[in-house]
Structure formats: C-alpha cells, structure tokens
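In what follows, a single structure is set out as structure tokens and then discussed.
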Amino acid sequence: MQILGTARLYGLLLSGLMLLSACGFQMRGLEDLTYDSLYVQGSISIAKDLKKSLVVNGVKIVTEPEDAQLLLDLLGESTEKRILSLSGTGVVREFDLIYRVTYRLKEQGAELWGEPKVIELRRDYSYSDREVLATGYEEVRLNTEMRQEATQQLLRSLVTYKVKKQPVS
C-alpha cells in the first residue's frame, strides 16, 4: 500500500518537473565571478558536468594551470552503502547511501592550496527482497541525484569564492 503511494508521489513529482521544463523555465546563471578562467585537476564522475556548467556560465576552462586565475583540485569521491535498519528477524529493511566529494582551491600565484573541503550527501531508501529490481533502480536514481546535487553545491562554492586581486606592477 505504501509503495503504491510512493510511486504516485514520484509520478506527480516527475510530471511537475516535465511541466516546468515544457513551459520554458530556466534556472538563472551564475553570479558575477571574481575570476574568468579555471583549471580543473583530477578526474571524478562529476568533473564533466561541472566543467560544462562552468563553461555555460562564462568561465573559461583552461588546459594549463599557468593560464588560470583559480585552480580546482578534485581530490576524490567515494560512495558508501550502510544498513540503516533491520527487521525483527534480521532482514534488511532500509539502506543509507552516502556520497562524498573532496576538493581544494588555489589561486594563481599562491604557494599553498587551501584546506580540503568535503561535500557529503546522504539518502536512505527502503529495501524489499520481493522487489529487488525496483529497489535497485531506486538506488541508482538516488546515486545519480546525489552526484547532480554535489555538482550544484560545488558550483555554489565556486560562485562564493572571491579571488584576491593581484597587485599591478
């Protein structure tokens, strides 16, 4: 009974998102940034989407660190799946999914990298042995959503970062 209600909720949510995209809704771009070029070091699953979003918003992604005003080092990502709850008979009922991205920033000309920062996202979902395929799809969907949200959070972090103006000699 509860699964049917959840399916309806997801159906309504999906319908609403499709209506928003059909009416021409478009998210605002990034605010004015204090830098216009960025070098991205490291290769994680969200790097491609992050670069694409930055380019769309007027940031030039450069191939050499010397050409960038700001350097982004994507140190790594990790996913974790934990048992959240068990039934009285020891059967898994819920899982907790955890996704982490670690990164750091450095301005051109700075000697040291900034402190590593971590974006951590969590989702939990119900599990049923009788609906293994459906819960497997839900897990994939939740992991995809966490990656998308991590990309957005990293973009927001880059928007708020203020590059110090280099003195003109």
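For residue 47, what charge total do you get from the other residues with a beta carbon under 12 Å from its beta carbon, if Lys and Arg give +1 and Asp and Glu give -1? Intermediate results must be reported in sequence, preceding the final value.
Working: positive: 48, 51, 52, 147; negative: 49, 73, 77.
Combined, the nearby Lys, Arg, Asp and Glu give +1.
Cross-link partners for residue 81 among the lysines, with Cα-Cα distance under 22 Å and sequence neighbours closer than 8 places in the same chain left out: 117. Backbone amide hydrogens, once placed in the peptide plane, bring residue 127 within less than 5 Å of 94, 95, excluding anything fewer than 5 places away on its chain.
Taking the square root of 5 times each eigenvalue of the Cα gyration tensor, what semi-axes in Å does the equivalent ellipsoid of region 32-160 have, largest first? Value: 37, 14, 10 Å, ordered largest first. Tabulate in residue order the Karplus-calculated ³J(HN,Hα) for region 45-55, using 6.51 cos²θ - 1.76 cosθ + 1.60 with θ = phi - 60°, rounded to whole Hz; enter x for Gly and Pro. Computed from phi, the couplings for region 45-55 are 4, 8, 4, 5, 5, 5, 4, 4, 5, 5, 4 Hz.
Taken one residue at a time, the phi angles of region 80-95 give Karplus couplings (6.51, -1.76, 1.60, θ = phi - 60°) of 9, 10, 10, 6, 9, 8, 10, 7, x, 9, x, 8, 5, 10, 9, 10 Hz. Gly and Pro are set to x.
Would you mind getting me the FRET efficiency between residue 64 and residue 120? Use the beta-carbon distance for r and R0 = 35 Å, nearest 0.05.
Taking R0 as 35 Å, the efficiency between residue 64 and residue 120 is 0.65.
Taking amide H as placed 1.01 Å from N in the peptide plane, the amide H of residue 37 sits under 5 Å from that of 60, 69, 70, each at least 5 places away or on another chain. The calculated FRET efficiency for residue 92 paired with residue 163, based on their beta-carbon distance and R0 = 41 Å, is about 0.30. Computed 3J(HN,Hα) for region 61-76, one whole-Hz value per residue from the Karplus formula 6.51 cos²θ - 1.76 cosθ + 1.60 where θ = phi - 60°, is 8, 9, 9, 10, x, 5, 8, 9, 7, 9, 10, 10, 10, 7, 6, x, glycine and proline marked x.
Bear in mind that the values in this text are calculations on the coordinates, not laboratory data. As the structure is a computational prediction, the values presented were derived from the model and not from experiment. Counting neighbours? That spans all protein chains shown, and the Cβs are built from the backbone with ideal geometry, glycine included.
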